[in-house]
Amino acid sequence: MNVVRNESAYVPPPLLSREAVNDIGRISTVLVTKDHSAYIAREYWLDKEQVLGIASDGSIKSIPIAEMDFTETIRLNRERNVPFALIATPEKMSEQ
């Protein structure tokens with residue numbers, strides 16, 4: 001008679017980066033393009049003819065307005081209970 005053990009190996013949780021720890025509690029927004037790519041942004045704004053977004057690692061992604069899929073962006077964020085409102089410039093940058 002074969003005995004089958006159902007033992008699950010302990011897998012430690014992943015270590016959080018400093019950026020991830022700083023982002024705990026922040027609401028991230030999903031930005032979707034017409035080619036179905038999606039980007040997570042902790043901040044985003046409209047700059048001329050492009051949407052700029054800041055990722056959790058601090059990098060900035062630029063998406064031309066013509067390439068944004070606003071319908072899908074709104075739908076995905078609504079499902080996550082995250083409001084989507086495109087502003088001209090973030091307050092922090094306008095104060096500098």
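Coordinate-derived values only; no laboratory data. Treat the numbers as computed from the prediction; the structure is a model and nothing was measured. A quick note on method: Cβ atoms are made from the backbone with ideal geometry, for glycine too, and the neighbour counts reach across all protein chains shown.
Applying 0.36 nm per residue to the separation of Ser59 and Thr89 and subtracting their alpha-carbon distance, the gain on full extension is 9.1 nm.
This ranking places Tyr39, Tyr44 by how few other beta-carbon atoms lie within 10 Å of each, fewest first, which gives Tyr39, Tyr44. For the pair Arg75 and Glu49, the difference between a 0.36 nm per residue extended length and the Cα-Cα distance amounts to 7.1 nm. Rounded to two decimals, the Cα-based Rg/Rh of the range 18-87, with Kirkwood Rh, is 0.95.
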